[in-house]
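The structure appears right after this line, and notes come after that.
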Amino acid sequence: MENGSPFPALARMLFASDERARPAPSSFDGEKNAVSVEDASRKRKEQIDQLVRDHHDFVWRTVRRFGVGDTDIDDVVQEVFLMVTRHVTDIVRERAFLFRACQFAAARVKRTALRRREVDGDELLPTQIDANANPEESAEASEARRRLQTILDAMPDELRNVFVLFELERMTMAEIAEITRTPPGTVASRLRRAREQFLAAVNTNASGGGHE
C-alpha cells in the first residue's frame, strides 16, 4: 500500500507546519549525562554516533508528538539516546527500538510532571518558530502546530501511534506493524479510525466549532 493521504487542504497545512518545526540535529552529549563511551570499542562508539545522526530528528518529533513540553523535550531526547548506549549491541530494528524508547521516556516525564502539577495545557504545545518566516507566517505556523498537537493529544495512544507513523513519518503498513508489534490488519483498522477522528476534528475547527 502506498503512503498517500486523501486529506483536505487544512489537514495538509497542519502536517506541513509540523514538518517546518523540525529542529536542527544535535549530537549526543555523553558527558552531560554522566555516560562515558571512552572504554567502548571504536566500532561501538561509531554505531552510537551513527544512530544519533540518523535518527535524532525522528526521536525529537516522536517525543514531541507524545506530548512532551518544550521545557523537557531535550532531556527526554537525551534519555532516549542513553537507552541506545546501554542497549546498542542488542538493537536489531533501530526505529522500532527508538519508538518504544520514546514511548517509555515520554510517559515517565509526563507522569512526573503531572504529579508535580507543573505542566499546564500551553506548556505541552510546541513553540519552535521558523526564523525565516515573517511575523504573520510565524503566527499561522504556530497556530497550525498547536491545532495539530491538540488533535493528536485527543487520540487514544493506539490510534495516534499508527496515525503519526503513517501520515507524518511516511512509514509503510508493514513497518508500522513491526514497530508497534501489531498485526497488519489491526494497523489498517486503527489508521482508518484515526483518520476519521482526525478529519472530524479538522472539520470541527474549520467550521468554528473548536473555538471557545
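Bear in mind that the values in this text are calculations on the coordinates, not laboratory data. These numbers come from a predicted model, not from an experiment. A quick note on method: Cβ atoms are made from the backbone with ideal geometry, for glycine too, and the neighbour counts reach across all protein chains shown.
The calculated FRET efficiency for the pair Leu199 and Asp74, based on their C-beta separation and a Förster distance of 35 Å, comes to about 0.60. Listing Ile176, Ile73 from fewest to most neighbouring C-beta atoms within 10 Å gives Ile73, Ile176. Compared with the alpha-carbon gap, the fully stretched path from Ser189 to Glu143 is longer by 13.6 nm at 0.36 nm per residue. Backbone phi angles across region 177-194, fed through the Karplus curve with coefficients 6.51, -1.76 and 1.60 (θ = phi - 60°), yield HN-Hα couplings of 4, 5, 5, 8, 6, 10, x, x, x, 5, 4, 4, 5, 5, 5, 4, 5, 5 Hz in residue order; Gly and Pro are listed as x.
Ordered by packing density, taken as the mean number of other Cβ atoms within 10 Å over each peptide's residues, highest first, how do 158-167, 183-192 rank?
Ranked by mean Cβ neighbours within 10 Å, highest first: 158-167, 183-192.
Among 149-155, 168-174, how do they line up by average Cβ neighbours within 10 Å per residue, starting with the highest? Intermediate values should be presented prior to the final figure.
Values: 149-155: 17.7, 168-174: 15.6.
Packing proxy ranking, top to bottom: 149-155, 168-174.
Across region 75-84, coupling constants 3J(HN,Hα) worked out from phi with the 6.51/-1.76/1.60 Karplus curve, θ = phi - 60°, read 5, 5, 4, 4, 4, 4, 6, 4, 4, 4 Hz, and Gly and Pro carry x.
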